[in-house]
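Read the structure below first, then the notes.
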Amino acid sequence: MASYIPSTPAQQQQMLQALGLADWRALYRDVPDAIYLEDGALDIPGGLSELEVRQKICAMAAKNKPFATVLRGAGAYDHYIPSIVRYIPTKEEFLTAYTPYQAEMSQGILQSIFEYQTCICELTGMDAANASVYDGATAAAEAAAMCRDRKRRVTLISAAAHPDTIATVRTYCYGSGDELRIVPARDGRTDLEALKELLGPEVASVYIQQPNFYGQLEDAPGIGQIVKEAGAHYILGCDPIALAIMGTPREWGADVVVGEGQSLGMPLSYGGPYLGFMATTAKLMRDLPGRIVGQTEDAQGRRAFVLSLQAREQHIRREKARSNICSNEALCALTAACYLAAMGPAGLEQAARQSMAKAHYLAGELTKISGVELVHSGPYFHEFVTTLPRQAQALKALEDQDILGGLPIREGVLWCVTEKVSRAELDRAVNIVKEVCQA
Amino acid sequence: MKLIFERSVPGHGTEYLPPCDVEEVALPPHLRRAAPPKLPQLSESEVSRHYTQLSKQVYGVNCGFYPLGSCTMKYNPRIDEEMAALPGFTNIHPLAPGYTTEGCREVLDLAEKLLCPITGMDAMTFQPAAGAHGEFTGVLLIKRYHDARGDHQRTKIIVPDSAHGTNPATAAMCGYQVVNIPSAPNGCVDLDALKAVLGADTAGLMLTNPNTVGIFDENILQITQLVHEAGGLCYYDGANLNAIMGVARPGDMGFDCVHLNLHKTFATPHGGGGPGAGAVGCKAHLARFLPKSALMDGQDDHLQVRSFHGNFLVVVKALTYILTLGREGIPAAARGAVLNANYLMRQIRGFQPAFDRICMHEFVLDLSRFKKETGVSALDVAKSLIDRGMHPPTMYFPMIVHEALMLEPTETESRQTLDEVAQVYGELYDLAHQDPDYMHGAPHNAPIGRPDEVRAARDPVVRQKL
């Protein structure tokens, strides 16, 4: 029932009178009669008190069933989030500010973004990062757009990339009228022979996900060489947790590095808000879409941060801008920076190592069950695909025991393990699957 | 203020994880990292202090008056935040089986059911993550519509010159040629200019109404009719919906699709630049083209603009807000916003409105004469406002007004606040005539003075060297 309007009805009447207006209709005199909604004509229920709204929304939340143990990833990862990482972004100043257009009263936000950009550059080995885009899928689509020039228009994407990423890049290509070609996968990894064949002089960029949708680790350095030889740009979509222990995309020859940053302190949240990160070389920095914070000085020589390189952006370039993005996921970028600061290099490495080790432990135990086999033969990080006899029953049995099992996909079941899951929980899950499969 | 990297001390840190209880596995040698990333090393107390100090150099709606035109900086209710933080929402995997996510579905379905009558649309998607993303989605719907009819000759999108920069940028991203039309002297669509460019090559029109000078276009029904007669579709940019929600509906105005900024109109916080949510509504004839998720909804040739189903928690916040306001509160908020804008416009002394008439939720001051008289620019006034402890309005937009300051007070400001604000603007008007140099040097009391932006662009430093 609240509308959060401080003025009383009497005050509002006085204000109307001060304006020389008889009533509300006079205020809206430009709105034609044919479309003006009279009082009460809006066809939605009446307002509720905060108490009633709370009960209603809580009842909806109660209809969901969160799982104590999550063995499912596929683009949304249940990593541990330190308490402070949840707390800091709820500070009202960060929460309720707009995009930092007025640098003099926004140094806190601008500095936090500058620190975030630095962290992303450290993880990826790149020279420059933007202030974020919407998520990993849109980051891939934006990267494909920034790599096109007049001659090279075609984008290649690996069939082993996340299906939502492929569909999103396909949609952006549909918009701009550019061609997207899918590089087939073999044994769960990008088919390098097929890639070589598809790499013509018209190819602007190649998108590879590392680790890919199936959890498999691509030969990212080898692919880098192939792409370079063809004169195309190399876009790598990386898991930011894996980057703690993986070689940097920079060493592998990447021109643009993107990824889904949800793992860096954001809860699963039924898919969002998440965080798209983008980093690139000094050479391509001015082709990055979105906000970029730069360091400079004021007249007294004090360090100052500003939204920089704005000549790239839509409010200046209008239809000549390469992207229309303005609002991004700033608070998620702040969250990621908090996460990285809290975990530190050692903590992040632990999260990566434990995720990988526990995934391999689960794979080892599951494949002891008759009929359960790894579908792909290559090295993997924290996700892998198995066959699973009586798949539906096994997954349901896990759910009944408060465990969200792997994701059923065409090739089998895609499992994921993070550092959050203990060995005892993994053993319990394996026993449940074993019972179903051997029944 | 020190950077977080400058506070880092080797060996500082907090252990959040238990020791690994399974056998370690190593990456293949050619994929291993040579040296760890140089992330900051701080104890939790040091992290906490760093961000608390940063937060003191941030100005949010909760800090004070924030009349950023076109951004609808209204109060963000705390209950909305609390509801979005419920573990029953935050701990739900987007790919969990349907029977365990019924509450999430209900949130999305109910939000659609409430926003359709507010906009006059028939269906809605919550996949777009921000306003510009919603524009992109909406114009793609138009493109799909024409393509599905085999109507491939429609290559142009019409955009008024008063539009947000995102409109032409969006049309270009969708492969369209942008046709800019000049506004009429009253800031609204020039019907003759519109008629002159409409034709068999018109894919659609993108329009904000009330427009970016804060005026409701009284010819709106004629405008949409003209576009439809030419075979084009009409796209409603929802940036300014706050002025008319519950009072007039884009669907009734003749628009075929609309994007909403849930983070403006429906009170979800902007977070210093996101996350937002750019819900897109459309009429029935476009509903089958709405985007889906390949992984959640199955793979076919659908549109998809982001992974999964968008910024779900932002929708929870907006839904909480809409349920709270309801049938009476939604139009009351719009009326309050329009009343506050008109009241403030009339209370401000000295500075001239660009359009001396009733406005909607925002108004534009034209400081070009003032600048000729005093030498003080819109920028100088904006920076002087910072010294007075309030956020400046939007500057130098829309481009059709020179030396523009665009104020949108929103409905959540009291009359007392507006009176105080008007007083401050009046004082600055006087100050400009007495001591313009002082204003050229503003702000004087902020943590920094005006930063050297030219240098930032010429020699970009976008990361700390470690």
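The values are calculated or read from the model by the stated rules, or taken from the named source; none is laboratory data. None of the values given here were measured: they were computed from a predicted structure. Virtual Cβ from ideal backbone geometry, glycine too; neighbours counted across all protein chains shown.
Residues that are without any contact (Cβ under 8 Å) to a residue 60 or more places away in the chain: list the helices (runs of 4 or more DSSP H) wholly contained in the range B:206-295 that include at least 2 such residues.
Details: elements: B:220-229, B:250-253, B:284-287.
Hits in the range B:206-295: B:220-229.
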- Task: Scan the range B:217-276 for residues that are touching a Lys or Arg at 6+ places or on another chain (Cβ under 7 Å) and within 15 Å of B:V315 (Cα to Cα) and jot them down.
- Result: B:A267, B:T268
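Being in contact with a Ser or Thr (Cβ under 9 Å, 6 or more places away or on another chain) and either more than 7 Å from every other protein chain (Cβ to nearest Cβ) or closer than 30 Å to B:I386 by Cβ (or both) is the requirement here; does A:F94 meet it?
Yes.
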- Task: Would you check if B:I118 is in a helix (DSSP H, G or I), within 25 Å of the chain's Cα centre (by Cα) and over 30 Å from A:A74 (Cβ atoms)?
- Result: yes
- Has the range B:356-372 got any residue that is within 13 Å of chain A (Cβ to nearest Cβ), basic (K, R) and closer than 13 Å to B:G214 by Cβ? yes
- Message: Quick check on my filter: what residues within the range A:172-221 are part of a strand (DSSP E or B), in contact with a helix residue (DSSP H, G or I) (Cβ under 8 Å, 6 or more places away or on another chain), polar (S, T, N, Q) and within 13 Å of chain B (Cβ to nearest Cβ)?
- Response: A:Q209, A:Q210
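What are the residues in the range A:35-58 that are more than 7 Å from chain B (Cβ to nearest Cβ), in a helix (DSSP H, G or I) and in contact with a helix residue (DSSP H, G or I) (Cβ under 9 Å, 6 or more places away or on another chain), if any?
Residue satisfying the conditions is A:E52 alone.
Taking the residues in the range A:59-91 that are aromatic (F, W, Y) and under 26 Å from B:E46 (Cα atoms) as candidates, determine which candidate is farthest from the other protein chains (Cβ to nearest Cβ).
Here is the first cut: in the range A:59-91, the ones aromatic (F, W, Y) are A:67, A:77, A:80, A:87.
Now narrow it down to the ones that are under 26 Å from B:E46 (Cα atoms): A:80, A:87.
Details: A:Y80: 6, A:Y87: 8 Å.
If we take residues in the range A:59-91 being aromatic (F, W, Y) and under 26 Å from B:E46 (Cα atoms), then A:Y87 is farthest from the other protein chains (Cβ to nearest Cβ).
Okay, residues lined up against (1) more than 7 Å from chain A (Cβ to nearest Cβ); (2) assigned to a loop (DSSP other than H, G, I, E, B):
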{"position": "B:H50", "(1), (2)": "yes, no"}
{"position": "B:G64", "(1), (2)": "yes, yes"}
{"position": "B:I79", "(1), (2)": "no, no"}
{"position": "B:E82", "(1), (2)": "yes, no"}
{"position": "B:G88", "(1), (2)": "no, no"}
{"position": "B:L95", "(1), (2)": "no, yes"}
{"position": "B:Y99", "(1), (2)": "yes, no"}
{"position": "B:E106", "(1), (2)": "no, no"}
- Applying the selection to the range B:421-466, what residues are loosely packed, with under 14 Cβ neighbours inside 10 Å and of a type in the set (D, E, K, R)? B:D430, B:D435, B:D437, B:R458, B:D459, B:K465
- Query: Do any residues in the range B:433-445 that are within 12 Å of B:V381 (Cα to Cα) and in a loop (DSSP other than H, G, I, E, B) have Cβ atoms under 6 Å from those of residues that are of a type in the set (G, A, S) and at pLDDT 95 or above, where the two are at least six apart or on different chains, and which pairs are they?
  - Reply: B:A442/B:S384
- Message: For a quick check of your reading of the model, give me the residue pairs whose first member lies in the range A:190-214 and is assigned by TED's automatic domain parsing to the domain that holds A:I409 and crowded, with 17+ Cβ neighbours inside 10 Å, whose second is part of a helix (DSSP H, G or I) and among the acidic types (D, E), with beta-carbon atoms closer than 8 Å and at least 6 apart or on different chains.
- Response: none
- Task: Within the range B:63-84, track down each residue that is in contact with a Pro (Cβ under 9 Å, 6 or more places away or on another chain) and either free of Cβ contacts under 8 Å to residues at least 40 places away in the same chain or of a type in the set (D, E, K, R) (or both).
- Result: B:D80, B:E81
